[in-house]
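Asker: There's a structure below that I have some questions on.
The values are calculated or read from the model by the stated rules, or taken from the named source; none is laboratory data. None of the values given here were measured: they were computed from a predicted structure. Every residue, glycine as well, gets a Cβ built from its backbone with ideal geometry; the counts of neighbours run over all protein chains shown.
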Amino acid sequence: MTKWKVLVTDGLTKKGLAILNEAAQVDNTPDITPEDLLKVAGEYDAMVVRGRTKVTAAVFEAAKKLKVVGRAGVGVDNIDLTAASAHNVRVVNAPKSTSLAVAELAIGMMFALARHIPYADATMKAGKWEKKKLEGIELNGKTLGVIGMGNIGSAVAQRAAALGMDVIGYDPAIAADEIQKRGAKPVTLADLYANSDFITLHIPLKPETKNMLNGEAFAQMKTGVRIIDAARGGIIDETALLGALESGQVAAAALDVFATEPPGLSALVAHPKVVATPHIGAQSAEAQDRAAEDIASEVLNALQGVPLRWKIV
């Protein structure tokens with residue numbers, strides 16, 4: 001029997017590749033260009049991508065044999081879901097695999113903002129001893145506002161509560177009693193803005209969330225609020241955030257994601273009140289193994305007609 005052909009475009013750990021290789025011919029091309037992808041897409045029954053590869057309408061049009069696209073991670077904003085549906089191609093993801101890694105990064109970013117850790121390290125490496133400039137704040141007793149109480153937001157809420165933070169949460173897609181069960185006191189978005197010392201974002205980028213944190217939103221927040229975004233670039237209006245940092249309305253921000261990636265040395269990245277990281281939320285060894293195993297098995301489920309755990313379309 002002829003094996004299915006699977007194209008892996010952004011790399012996958014050995015554990016994931018081993019699962020795929022048991023049932024398919026796998027071509028692992030982590031540096032494939034958009035032009036080359038269009039040329040070869042028609043050869044494959046399945047495709048496994050991460051965030052780099054854009055699976056556009058043109059790709060779906062070229063991929064006549066394609067049955068499933070697997071996203072080794074959570075977000076599927078790099079896949080044209082309308083085109084996938086039109087071509088009867090399943091799209092699956094691995095929504096639980098990277099949750100802990102992203103949640104831990106968000107907690108780490110809170111500590112970095114509260115205690116000026118990146119600045120302290122940079123000045124020490126420059127041969128300076130700037131102890132007097134580095135008075136921080138404690139997380140204990142502060143109010144954390146979690147926007148998005150899904151897998152990641154819930155994990156952040158539970159860990160923040162263990163640190164002694166008062167956790168409030170907003171998620172219009174989740175019932176109030178469920179938000180409570182997941183570790184946060186349910187509140188309106190206006191109440192979250194008004195009462196949070198820290199605000200962390202854990203929502204997808206959609207038309208209704210684009211530039212959600214804009215000038216109007218920042219004006220509703222506590223003066224001196226600290227913002228963490230390890231979700232998606234584009235949820236924060238970066239120009240508005242820069243203005244809020246300059247005015248002091250926002251005391252500091254930690255950003256793992258940007259509207260344009262990579263952002264280069266933008267004014268926001270270079271700002272002394274910003275801790276910036278290059279979209280590393282899911283970049284733990286454990287998370288990458290989980291994502292690879294989950295998506296490999298789910299792609300094979302789709303090819304074999306087995307019921308799917310994480311079907312998007």
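Asker: Looking at Gly127, is it modelled with pLDDT of 95 or more and part of a loop (DSSP other than H, G, I, E, B)? Full working, then the answer.
Answerer: Values: modelled with pLDDT of 95 or more: yes; part of a loop (DSSP other than H, G, I, E, B): yes.
Here the answer is yes, as Gly127 does meet what is asked.
Asker: A follow-up question, please. When you go through Thr53, Thr82 one by one, which is the residue that is in a loop (DSSP other than H, G, I, E, B) and polar (S, T, N, Q)? Walk me through how you get there before you give the answer.
Answerer: Numbers: Thr82 fails: in a loop (DSSP other than H, G, I, E, B).
Among Thr53, Thr82, only Thr53 is in a loop (DSSP other than H, G, I, E, B) and polar (S, T, N, Q).
Asker: If you don't mind, another one. Would you please name the residue that is nearest to Gly234 (Cα to Cα), looking only at residues in the stretch 192-211 that are out of contact with any Gly (no Cβ under 9 Å at 6 or more places or on another chain) and at pLDDT 95 or above? Reasoning before the result, please.
Answerer: Filtering the stretch 192-211 for residues out of contact with any Gly (no Cβ under 9 Å at 6 or more places or on another chain) gives 194, 206-208.
Filter once more, keeping what is at pLDDT 95 or above: 194, 208.
Working: Ala194: 22, Glu208: 11 Å.
Filtering the stretch 192-211 for residues that are out of contact with any Gly (no Cβ under 9 Å at 6 or more places or on another chain) and at pLDDT 95 or above, the one nearest to Gly234 (Cα to Cα) comes out as Glu208.
Asker: Something else now. For Ala72, work out the one condition from (1) small (Gly, Ala, Ser); (2) surrounded by fewer than 18 Cβ atoms within 10 Å (Cβ to Cβ); (3) touching a residue at least 40 places away in the same chain (Cβ under 8 Å) it doesn't fulfil.
Answerer: The failed condition is (2).
Asker: Residues of the stretch 16-43 being surrounded by 14 or more Cβ atoms within 10 Å (Cβ to Cβ), within 21 Å of Ala94 (Cα to Cα) and not acidic (Asp, Glu), which ones?
Answerer: Gly16, Leu17, Ala18, Ile19, Leu20, Asn21, Ala23, Ala24, Val26, Asn28, Thr29
Asker: Here is a list of conditions, (1) touching a strand residue (DSSP E or B) at 6+ places or on another chain (Cβ under 6 Å); (2) surrounded by fewer than 20 Cβ atoms within 10 Å (Cβ to Cβ); (3) of a type in the set (D, E, K, R), and Glu208 meets all of them except one; can you say which number that is?
Answerer: Unmet for Glu208, out of (1) touching a strand residue (DSSP E or B) at 6+ places or on another chain (Cβ under 6 Å); (2) surrounded by fewer than 20 Cβ atoms within 10 Å (Cβ to Cβ); (3) of a type in the set (D, E, K, R): (1).
Asker: Name the residues in the stretch 194-231 that are within 21 Å of Thr98 (Cβ to Cβ) and part of a loop (DSSP other than H, G, I, E, B), would you?
Answerer: Correct list: His202, Ile203, Pro204, Leu205, Lys206, Thr209, Ala230, Ala231.
Asker: Being under 22 Å from Val269 (Cβ atoms), in contact with a strand residue (DSSP E or B) (Cβ under 8 Å, 6 or more places away or on another chain), crowded, with 21+ Cβ neighbours inside 10 Å and in contact (Cβ under 8 Å) with a residue 40 or more places away in the chain is true for just one of Leu105, Leu113. Which residue is that?
Answerer: Details: Leu105 fails: in contact with a strand residue (DSSP E or B) (Cβ under 8 Å, 6 or more places away or on another chain).
After applying the criteria, what remains is Leu113.
Asker: State the number of residues belonging to the stretch 23-42 that are without any contact (Cβ under 8 Å) to a residue 40 or more places away in the chain, more than 25 Å from the chain's Cα centre (by Cα) and not in a strand (DSSP E or B).
Answerer: Applying the first criterion (without any contact (Cβ under 8 Å) to a residue 40 or more places away in the chain) to the stretch 23-42 yields 25-42.
Imposing the further condition that a residue be more than 25 Å from the chain's Cα centre (by Cα) reduces the set to 25-27, 35-36, 38-42.
Filter again for not in a strand (DSSP E or B), leaving 35-36, 38-42.
Counting residues in the stretch 23-42 that are without any contact (Cβ under 8 Å) to a residue 40 or more places away in the chain, more than 25 Å from the chain's Cα centre (by Cα) and not in a strand (DSSP E or B) gives 7.
Asker: Is it fair to say Thr200 is touching a residue at least 24 places away in the same chain (Cβ under 8 Å), hydroxyl-bearing (Ser, Thr, Tyr) and surrounded by fewer than 24 Cβ atoms within 10 Å (Cβ to Cβ)? Before the answer, list the steps.
Answerer: Values: touching a residue at least 24 places away in the same chain (Cβ under 8 Å): yes; hydroxyl-bearing (Ser, Thr, Tyr): yes; surrounded by fewer than 24 Cβ atoms within 10 Å (Cβ to Cβ): no.
No; evaluated as a whole, the condition is false for this residue.
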